[in-house]
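Written out below as structure tokens is the structure these notes cover.
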Amino acid sequence: MSMIRKLWSTCLDEITGFYLLHWFFYYKKQPLIISDAEKGSPNLLSGELSSFFSPVPEPARLEYQSQLHPASQTIFPEAEVNDFEFVSSIQTGFPQNDLVKGRHWKSTASPTAINSGSRCTVVAIDGIVQLGVRSFNSLAQRLTPHGIDVVMLDSPFNYRRTPPGYRPGQLIAGGNLDHQLSVARQGILDLWSLILHLQSQGHQVGLMGISHGAWMTLTASLLMEQLQFVMAITPPVDLFHILDEGGTVVNAIRRGVRESDLSEQQLEQICQPLRIPLWKPRLPGSAIHLHVADYDRFVPSFRIAALAELWNTKLTHHALGHIEATTGPKVVAMVAEDILRFWKIPADSIAASTAK
């Protein structure tokens, strides 16, 4: 039975990877974005974590839409759902991308966490091709009845930040090395800016990420203070080694890197800020939970397991492929239960909400 399970997961990943590569990353055979972002960001090729992600951004100035999202009146009886935006500290020349988008599921229920002196909030980020909010709707349905907010951030060049003429995620990988580094930097600085805003408003902030979004949340743990936890689903923890070890989708990243005339040693040095195992998180390993898909054909599973051992974190294995783990309901439901336990929601309260 396990062999059939593995075969199914492997085939699903390979077929989906081929589809994403040709219908998203190679959509309309757009030419590579050739960026000289290094001129405006002199530390872009520094290879040093704090220099690469500098300067520390200001707290975001969120502008909320005046109308609540219609979903708040139907599937979220104990939450108000509202979209917001703020200006990114990085300007790429793509206006659609440089106005950061997000969604806030604000709980209207009484907090049940024992540390409810502050508002408990989970900031969540999706993978490299985000087409909707289904996973985060599910997360919010589980958490908002307990007084916990969920805030979703659209990553650069993804979902509602996709420029006209492109598809979600296409421009995350669709440029030369300078462009790819700049996109990674922008994503972290946008996330940092949002977190600083929430913390300034009295929120206790935990992070949850899926795939590329999980890389972002783990990187945030290297830089940002006073985070409560990080829950990371199938994170690509080493964006240098994934060039050789990743699946079909990584071909889109390799295409841009090949434009560089750097040696492998120079490339390895430059990519150090994107290589999570080289650094130490600013919160204890007990507050980090990594989820690995054992049959993953996108992300090297053994590197996630190695990071869990290095940082002494919790690690959960799933007999799934990458697509099942990142788009199906099983792992997100487990993450929601972990978050409720972390914030010490009483067991009878969890059971009551699950039974509804």
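The values are calculated or read from the model by the stated rules, or taken from the named source; none is laboratory data. If you're wondering where the values come from, they're calculated on a predicted model, not measured in any experiment. All Cβ positions, even for glycine, are placed from backbone atoms using ideal geometry, and neighbour counts span all protein chains on display. When the accessible area is computed, the model is the full protein with side chains, heavy atoms only, and any ligands, DNA or RNA have been set aside. Shrake-Rupley method; radii C 1.70, N 1.55, O 1.52, S 1.80 Å.
Laid out as a table, the results:
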quantity	calculated
Accessible area of Trp8 in the full protein assembly, 1.4 Å probe (Å², nearest 10)	140 Å²
Quarter of Cα convex hull surface for the stretch 31-72, i.e. mean projection, nm²	6.6 nm²
Formal net charge of residues neighbouring Pro70 (Cβ-Cβ distance under 14 Å; K, R +1; D, E -1)	-1
0 to 90° range, to nearest 10: angle between helix 2-20 axis and the chain longest Cα axis	60 degrees
Local electrostatic count at Lys29 - Lys and Arg +1, Asp and Glu -1, tallied over other residues with Cβ under 14 Å	+3
Lys/Arg +1, Asp/Glu -1 at C-beta; the stretch 1-123 dipole; positive extreme among Pro111, Gly17, Phe53	Gly17
Spacing of the two label points (7 Å from each Cα toward its C-beta) at Arg254 and Cys11, in nm	2.5 nm
Net charge of neighbours whose Cβ lies under 13 Å from the Cβ of Gly165, counting Lys and Arg as +1 and Asp and Glu as -1	+3
Simple label model, 7 Å out from Cα along Cβ direction - Gln272 to Thr108, nm	5.2 nm
Close Lys-Lys pairs in the stretch 1-354, where close means Cα under 25 Å and separation is 8 or more or interchain	8
From phi via Karplus (6.51, -1.76, 1.60), per-residue ³J(HN,Hα) for the stretch 98-110 in Hz, x at Gly/Pro	7, 9, 5, 10, x, 9, 10, 8, 8, 5, 9, 7, 6
Interchain or long-range residues, amide H under 5 Å from Ser118's placed H	none
Ratio Rg/Rh [Cα only; Rh per Kirkwood] for the stretch 114-216	1.02
Viscosity 0.692 mPa s, 37 °C: Kirkwood-radius Stokes-Einstein D of the chain over Cα pairs, µm²/s	160 µm²/s
Projected-area average for the stretch 178-243 over all orientations - Cα convex hull basis, square nanometres	4.5 nm²
Approximate spin-label separation Ser54-Leu262, in nm, with each point projected 7 Å along Cα-to-Cβ	1.9 nm
Percent of alpha-carbon pairs separated by more than 15 Å within the stretch 12-91	77 percent
Neighbour-limited loop hits for trypsin sites (Lys or Arg not before Pro), the stretch 53-119 (at most 11 other Cβ within 10 Å; DSSP other than H, G, I, E, B)	Arg61
Charge dipole (debye, nearest 20) of the stretch 1-155; +1 at Cβ of Lys and Arg, -1 at Cβ of Asp and Glu	460 debye
For the stretch 148-207, alpha-carbon Rg relative to the globular expectation (2.2 N^0.38 Å, N residues)	1.31
Among beta bridges that DSSP assigns inside the stretch 1-354, antiparallel share in %, nearest 5	40 percent
Calculated [θ] (222 nm, deg cm²/dmol) that DSSP helices of n ≥ 4 give over the chain, each run adding -39,500 (n - 2.57)	-11000 deg cm²/dmol
Most mobile of Pro77, Pro145, Pro42 in a GNM of the chain (Cα contacts under 10 Å)	Pro42
Calculated from backbone phi, Karplus (6.51, -1.76, 1.60) coupling profile of the stretch 70-82 in Hz, x at Gly/Pro	x, 4, 5, 8, 10, 8, 10, x, 10, 7, 9, 10, 9
